[in-house]
Amino acid sequence: MILFLRYFTFLLFYMLSFCANAQIDTTIVLEEIEVKSAHIRQEGVGSNVEKWDVTNLKSVGSNNIAELLSAESGVFIKSYGLGSLSTSSLRGGSAGHTLVLWNGLPLQSPMLGLLDLSLLPINSAEEVTLQKGGKSAAWGSGAIGGLISLKNKPDFSHKFSLNSSVAVGSFGYRQQQFQYGFGSKKFQSRTKVFSQQAENDFSYFIAENLPDRKQSNARLSQQNILQDLYWKLKSNQQISVHLWQQYSDRQIPPTNVQNLSVAHQDDRSLRGIINWKKVGERTVLQVKGGFVKEDLDYFDDQQLLESRSSFETLFGEFTTQFAFQNNTIFHVGMTQFYTKAESAGYQNAPSESRTALFASYRLEGEKWQIQTSLREELVNSKFIPLTSDIGGQVQLFPRLHIKGKVSRNYRLPTLNDRFWKPGGNENLLAESGWSQEMTLAADLIKSKRTQANFSLTGFNRTIKNWIWWSRREGESYWSAQNLAEVWSRGLETRFSISHQINNLTLSLKTGYDFIQSTNKIAIENPQIEAGSQLFYTPKHRFFANGKVKWKTFVLAYQQQFSGATEGVNEDLPSYFFSNLRLQNNFAQNGINGSIFLNINNLWDTDYFIIERRPMPGRHFQIGINFSFNQKI
Amino acid sequence: MYRIFTITLIFISFFLTAQTTSDFEGFNLPAESFLNGSDGNGGFTNGNIFLPNSYEDAFGSWTGWSISNTTDNTTPGFTNQYSAITGEGFANSATYATGYTAGGRTNIALEGAATGEKVSGFYITNSTYAYLSMQEGDSFAKKFGGVTGNDPDYFLMTIKKYENDELSTDSVNVYLADYRFEDNTQDYIVDEWTYVDLTPLGNADSLQFFLTSTDVGTFGMNTPAYFCIDNLITSDGITSVENVEELEGFTLSPNPASDFINIKNKEAGEVNYSIFDKLGREVESGSFSNENRISTSFLAKGMYVVRIEKKGMIQSQLFVKQ
């Protein structure tokens, strides 16, 4: 705490010293110089897309992708606690129903079928995209609820760039980031080193007349090294290489009804991708190769448990795109995955080979677009049923768009679902089903000073062969079964407005989601009734982000509401949750920077996302960021 | 243990094999080991009982019963699933049986002379896995009492019987943990071998063991469904008072007794007497000539045997302490 105060005082003085001659941050990433691929596969016609560029990402006040999506887009994040496992539920889907891509490479563990979004630091990417809705025809397994895409992007205008930030906060939070880039108009290199540590020893409420309990064994230590290299071989050809090494050591805290935990989990990952692309007048060619190597080790010295698992995935992809006329684009590609995993939970080290052929076709007019995609995938010599989608959008009036999409989507069983001992079931089918969505989007105000828009989306989705681990009569162990059928439907509304008066910009982004995601088939064990809402899936979710920007100051307030959910042990009440961020940007002697204060859980709400897993009350983070760029 | 076993044998001998104690010692396990059904025999026979075991060869998982002499009563979690919290069997013996009621229940079949007869009772205690989970909580199950210590939690063993293929509605209940007391200092988790009197169940073909807990969710009971038993006493044909012939040349009254029994010797002569409990443990002894009033007020409720020796002739009779 003393250290925190010392940091705080130092940063406060620093901030004040800059206020006198501060300038608005003028850093703009010149993306247009990059050789663009403009793959129609990446742009979902008919569905909603939200994008955060590097400037947005710096100012959102989120530390990782889980926090970003929760605060900025209202995505429900199932978090086991501060610094603990966090997964997303998109449109009432499970954690495995969100596909996460890093420069086109799927990051989900093939063993668990999910990715811990809290392990993805916000500054690991220069662009984050959230596409809701079914994307399996384009991207394959897992893209049922939606797609999160992280991209690293070059800036060929920089000769030299430095970026550094430090932040400290409550519960022993420390974060350091250093970024160094250099290059020419033809070559760019960027190295990022990022680390964070936290004790996460927050106190939480037990009951009236009882002292708060302090969370224990919750330390997090994470280090990331990212290296991006970009060569522009010719004006229309580019090679990029991305390498990402990550270490994460986490203690697993006890539940609020557990006295002690000494468990800890170490995640190690090395990911790499090389990408060559050539953009012709009417063609785009792209070849990618990548790999992921991950180790996940779990230890519990008290229970004498040591569980080590690891996997390696090799990835290759070839895509090409032709524009026939000005209004027709055809995209075709092939992806190959090979995964091998090892774990004490498997009898033999299982492997999986997946080959997919996919194609997209787009036809567009001045005020409309139609796109359809097809995908056929071969998994260990077995065909997955043909997957397809069709989407379209029309500009009905100058300020009113309507768009919609129908898609078939699937998720392959994970390696644990198939091979875990006991209970793995090699004969599992992929979860699959159809989804439909329609969006009405209106630009309500579109003036130089004021912009306001509104959208309303309705969606409907059925997934059959939903995999549950179940204990069958007479069996001593749980086994994976294609048991459930889940019907998800809902409405999503979004409204945003921004208004500028001289040096003052006011903006508000708000959204409300109503999601019903219900089991259609009753299951005996686990005990699930037909018609019941999925666990940990709120029916109601609301968020509002207000921002006031005056000269160099930014004040941002985030409000979230999550409706009541049903947990596997008990029901969880609804809760409100708020964050406040104060930021001041500065520029002096060619150095741009910002200083910020985040107050998370501003109103000190006691809440649970998962029963027995306490969440922290009000806590603080303060930090400073410098960047220096030398243009070519 | 040896003494008890010997006395039980004597007891059995003069009762015409009246009772058999399944104490699991005969499996001759090496130290710190267990039998979990991996031999594929489908269970264990001991005395006049059969303890079924279902072993999944492909996965190495089991349900039903294991026979164990592991002594680890400090390591929490699944890796220590065979151990009793006492760290030993009943009365300092080595071996005991560990039950795992995956899916809700497990059972014990009565065999041979015990089939269709009464079961006197058995000793029960918590497994280390369940005990420490209830005391400390683990990543799946709650510590009993909850965050405040006031949750009225319990871990309940319910024993029913099958007789002529019919499950009894009557049951014997044993709280392996009980946190329902107003005064939290009275809350307890069983950590000793505790006798369970099964005579109220009456005659049986098999015993059914059900575990329930207040810590239950969609995936079933969170409290580990493990428990340990030892020294299960079956009766082999004579447990009901009316089946036992009365002492010849003596009268025993009242029966059932409360504070005393009166034994009257119809023909004069020195008589030695002993009183045994269900386990064959001598609880009282003495001698008299004509008539003797023996205090039974110190005895726990239950069934006892009085053994009379006169001129080298041994007779015995059951009596009930109310």
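Could you work out Rg/(2.2 N^0.38 Å) for the range A:518-632, with Rg from alpha carbons only?
It is 1.57.
When B:M221, A:M615, B:M313 are ordered from fewest to most other Cβ atoms inside 10 Å of their Cβ, what list results?
Listed from fewest to most nearby Cβ atoms, that is B:M313, B:M221, A:M615.
For chain A, what does the helix formula give at 222 nm: sum of -39500 (n - 2.57) over DSSP H segments with n ≥ 4, over the residue count, nearest 500 deg cm²/dmol?
The helix-only estimate for chain A comes to -2000 deg cm²/dmol at 222 nm.
Per 20 Å bin, what percent of the C-alpha pairs of chain A does each bin hold, from zero upward?
Once binned at 20 Å, the Cα pair distances of chain A give 18, 55, 26, 1.
Taking the Cα centre of the range A:188-302 as origin and charging only Cβ (+1 Lys, Arg; -1 Asp, Glu), how large is the dipole, in debye to the nearest 20?
That gives the range A:188-302 a dipole magnitude of about 1200 debye.
Tell me which of A:F397, A:P413, A:G145 sits at the most positive position along the dipole axis of the protein assembly as shown, charges placed on C-beta atoms (Lys, Arg +1; Asp, Glu -1).
Going by the charge dipole, the pick is A:F397.
Using amide H atoms built 1.01 Å from N in the peptide plane, name the residues 5+ places from B:N73, or on other chains, whose amide H lies under 5 Å from its own.
Hits under the 5 Å cutoff: none.
If amide H atoms are built 1.01 Å from N in the plane of the peptide, which residues on other chains or at least 5 residues away come under 5 Å of the amide H of A:W420?
Those qualifying (amide H under 5 Å, at least 5 residues apart or on another chain) are A:N425.
Where the only charges are on Cβ atoms (+1 Lys, Arg; -1 Asp, Glu), what is the dipole of chain A about its Cα centre, to the nearest 20 debye?
2240
Hey, with R₀ at 45 Å, roughly what FRET efficiency would A:N326 and A:T493 work out to, going by the Cβ-Cβ distance, to 0.05?
Efficiency for this residue pair is about 0.80.
Go ahead and set up a Gaussian network model of chain B, Cα springs under 10 Å, then flag whichever of B:S206, B:S235, B:S253 fluctuates most.
It is B:S253.
Output wanted: per-residue J couplings in Hz (rounded whole) for the range A:395-409, from phi through Karplus 6.51 cos²θ - 1.76 cosθ + 1.60, θ = phi - 60°, x for Gly and Pro.
Working through the residues one at a time gives 8, 6, 10, x, 10, 10, 10, 10, 9, x, 7, 10, 9, 9, 9 Hz.
With the dipole of the protein assembly as shown worked out from charges on the C-beta (+1 for Lys and Arg, -1 for Asp and Glu) around the Cα centre, which of A:Q451, A:Q371, A:S532 lies farthest toward the positive end?
Most positive-ward Cα: A:Q451.
Which of the GluC sites (Glu not before Pro) across the range A:111-220 are loop residues per DSSP, with 14 or fewer other Cβ within 10 Å?
A:E208
How crowded by other chains is B:145-153, given as the mean number of beta carbons from other chains within 10 Å of each beta carbon?
Shielding by partners across B:145-153 averages 3.
What list of whole percents do you get for P(r) of the range A:289-342, with Cα-Cα distances grouped in 10 Å bins up to the one holding the largest distance?
Result returned by the calculation: 19, 26, 20, 16, 11, 6, 2.
Collect residues whose amide H, placed 1.01 Å from N in the peptide plane, falls under 5 Å from the amide H of A:S532; neighbours closer than 5 in sequence don't count.
The list, which skips near neighbours in sequence, is A:N519.
Mean residue ellipticity at 222 nm from the helices of chain B, using -39,500 (n - 2.57) per DSSP H segment of n ≥ 4 over the full residue count, to the nearest 500 deg cm²/dmol?
Counting only the DSSP helices, I get -2000 deg cm²/dmol.
What order do you get for A:285-292, B:281-288, A:70-77, A:421-428 when each peptide is scored by the mean count of other beta carbon atoms within 10 Å, highest first?
A:70-77, A:285-292, A:421-428, B:281-288
If N is the number of residues in the range B:20-238, what value comes out of its Cα radius of gyration divided by 2.2 N^0.38 Å?
With N residues counted in the range B:20-238, Rg over 2.2 N^0.38 Å equals 0.98.
As I understand it, the dipole of the range A:2-631 uses +1 on the Cβ of Lys and Arg and -1 on the Cβ of Asp and Glu, about the Cα centre. Which of A:Q630, A:W244, A:S221 lies farthest toward its positive end?
After comparing all options, I get A:Q630.
Might you report the magnitude of the Cβ-based charge dipole of chain B about its Cα centre, with Lys and Arg at +1 and Asp and Glu at -1, to the nearest 20 debye?
580
Where does each of A:D443, A:D267 land when they are ranked from fewest to most other beta-carbon atoms within 10 angstrom?
A:D443, A:D267
Around A:V486, with a cut-off of 12 angstrom between Cβ atoms, what is the net charge of the other residues, counting Lys and Arg +1 and Asp and Glu -1?
Result for the neighbourhood of A:V486: +4.
Estimate the FRET efficiency between A:E43 and A:S351 by the formula 1/(1 + (r/R0)^6), using the beta-carbon distance for r and 30 Å for R0, to the nearest 0.05.
0.35
Can you give the FRET efficiency for A:L314 and B:A58, using 1/(1 + (r/R0)^6), R0 = 22 Å, r = Cβ-Cβ distance, to the nearest 0.05?
After rounding to 0.05, the efficiency reads 0.15.
Can you sort A:V257, B:V119, A:V128 by how many other beta carbons sit within 10 Å, fewest first?
Least crowded to most crowded, the residues run A:V257, A:V128, B:V119.
Can you tell me the length gained on complete extension of the stretch A:R399 to A:E342, counting 0.36 nm per residue apart and subtracting the Cα distance?
15.1 nm
Tabulate in residue order the Karplus-calculated ³J(HN,Hα) for the range B:287-299, using 6.51 cos²θ - 1.76 cosθ + 1.60 with θ = phi - 60°, rounded to whole Hz; enter x for Gly and Pro.
Result, ordered by residue: 8, 7, 10, 9, 8, 9, 9, 9, 6, 10, 5, 7, 7 Hz.
Return the sequence-ordered ³J(HN,Hα) values of the range A:411-421 in whole Hz as given by the Karplus equation 6.51 cos²θ - 1.76 cosθ + 1.60 applied to θ = phi - 60°, using x for Gly and Pro.
Karplus-based 3J(HN,Hα) across the range A:411-421 equals 9, 6, x, 6, 5, 5, 4, 8, 10, 4, 10 Hz.
No lab work stands behind these numbers, since they all come straight from the coordinates. Not measured: the values here are computed from a predicted model. Note that each Cβ is placed from the backbone with ideal geometry, even for glycine, and that neighbours are counted across all protein chains shown.
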